[in-house]
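Here's the structure, in structure tokens; my notes come after.
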Amino acid sequence: MAETTAYQEDLSPGSLITRDGQIQWAGLLLGPGTPFPVDRAGISGWDDLPGIDVGDVPRPDQHGSWPGSRWAQPRLIDATVWLLPPSRDEARATLREFRAGTGLDGAERWLAVRLHGETLAVRARISRRVVPQDRSFVLSGTSKTSLQWTATDPRRFGADEQRARTGLPAPEPGLDWHPGASEDGPGDGPDGPGSGLGWPLDWGTAGTNGSLTAVNSGDTAAHPLIEFRGPVRRPSLTRLSDGRRLQYDITLAADDVLTVDTWTGTVVLNDTASRLYTATAASAPEQLFLLEPGETALAFRSEDTAPDPAARATVRWRHSHW
């Protein structure tokens, strides 16, 4: 049987894939090396641009239209997959595995495809399954089936989640001036006996500038997931290229985590309580805080008089592709 886990488990995208041409849907593996090879027609809708909603407005006094916004519609992915049980005795088990892996479920899960060594994935749901019960199916359990997935977010994402983290700005303490040996002799520093720079020199801990760089290697903007960890007062994250900022009027204790999901537009404290109302007047709408293709420099700041070195801002994202 295929290397498959329970369908209900939303595994990391591509974690079961071992070769080109394979498709992983949640815990079900399809394609070469499984009882569910993909037909020679392959899949459609994967590398195609999704449908587009256009907001152009006709010009009332001349040719053409005023250009408006363009938004991608959900992506539809179709695949023709064979049921090829290893033997007639295993036909029932193969069919049951296929049914369990392609049933209706309300939650979106990872659908990943590997082609030419590249694994990309979307969040999707099964929207169609057709299993013809023809003569070959009755005799041996073999059937040429059709599957369709609907991805409400049409972007395709890299299999590996990217992550960057930084603390609040902190200066370097510099050399430690203390009693010790000096060039004037042991214990005789420039301020008198018993002062000077001791050897080995103690430069202290390295300072931080509170900045990080997120690199999106795809060809369309990504929505990051941002975590602020305390202790920190009024945390903010600023996109340095244009000054767009996310800032929240909240004080986080040492064990508190404020999670900002810029795709869903939610702000949640400790995975339980919404804190969207703490966004300040200077804070941009969460869904407009994007990581464009390429490098994005970000700065973590707070309004603490003495920033705590344990405070952290973590940014998580995936390379995003059409």
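The values are calculated or read from the model by the stated rules, or taken from the named source; none is laboratory data. Treat the numbers as computed from the prediction; the structure is a model and nothing was measured. Cβ: placed from backbone, ideal geometry, glycine included. Neighbour counts: every protein chain shown.
When region 36-92 is limited to residues that are assigned to a loop (DSSP other than H, G, I, E, B) and aromatic (Phe, Trp, Tyr), the one that is farthest from residue 19 (Cα to Cα) turns out to be 46. The C-beta contact set for region 245-269 (first residue over 22 Å from residue 299 (Cβ atoms), second residue assigned to a strand (DSSP E or B) and aliphatic (A, V, I, L, M), distance under 7 angstrom, 6+ apart or interchain) comprises 269/258.
Buried (at least 17 other Cβ atoms within 10 Å of the Cβ), within 30 Å of residue 49 (Cβ to Cβ) and among the acidic types (Asp, Glu), is that true of residue 286? Yes: the conditions hold for residue 286.
Count of region 98-151 residues, restricted to those that are part of a loop (DSSP other than H, G, I, E, B) and in contact with a Leu (Cβ under 7 Å, 6 or more places away or on another chain), is 3. A Cβ distance below 6 Å, combined with a sequence gap of six or more or placement on separate chains, defines the contacts here; from region 209-230, residues that are farther than 16 Å from residue 241 by Cα reach residues that are of a type in the set (Val, Ile, Thr) and surrounded by fewer than 21 Cβ atoms within 10 Å (Cβ to Cβ) in the pairs 227/257; 227/259; 227/314; 229/257. Can you pull out the residues in region 152-174 that are in a strand (DSSP E or B) and under 14 Å from the mean Cα position of the chain (by Cα)? Within region 152-174, 156, 157, 158, 162, 163, 164 qualify. Taken as a whole, the structure places residue 271 among residues that are on the phi > 0 side of the Ramachandran plot, loosely packed, with under 12 Cβ neighbours inside 10 Å, modelled with pLDDT of 60 or more and not aromatic (Phe, Trp, Tyr).
Restricting 306, 311 to residues that are of a type in the set (Gly, Ala, Ser), farther than 16 Å from residue 223 by Cβ and at pLDDT below 95 narrows the list to 306.
Selection of region 44-93 for residues being exposed (fewer than 10 other Cβ atoms within 10 Å of the Cβ) and under 30 Å from residue 142 (Cβ atoms) yields 87, 89. Reported count of residues in region 15-25, each being surrounded by 17 or more Cβ atoms within 10 Å (Cβ to Cβ), touching a residue at least 60 places away in the same chain (Cβ under 8 Å) and farther than 18 Å from residue 76 by Cβ, is 4.
For region 289-305, give me the residue count where each residue is under 21 Å from residue 214 (Cβ atoms), of a type outside the set (D, E, K, R) and surrounded by fewer than 16 Cβ atoms within 10 Å (Cβ to Cβ). So the count comes out to 2. In summary, residue 282 fulfils each of the numbered conditions (1) within 17 Å of residue 228 (Cβ to Cβ); (2) free of Cβ contacts under 8 Å to residues at least 24 places away in the same chain; (3) part of a loop (DSSP other than H, G, I, E, B) with the single exception of condition (2).
The residues on offer are 14, 33, and the sole one that is in the same structural domain as residue 102 (by TED's automatic domain parsing) and in a loop (DSSP other than H, G, I, E, B) is 33.
Among the residues that make up region 306-313, is at least one of them among the basic types (Lys, Arg), buried (at least 18 other Cβ atoms within 10 Å of the Cβ), outside the structural domain of residue 74 (by TED's automatic domain parsing) and touching a Ser or Thr at 6+ places or on another chain (Cβ under 6 Å)? So far as region 306-313 goes, no, none of its residues is among the basic types (Lys, Arg), buried (at least 18 other Cβ atoms within 10 Å of the Cβ), outside the structural domain of residue 74 (by TED's automatic domain parsing) and touching a Ser or Thr at 6+ places or on another chain (Cβ under 6 Å).
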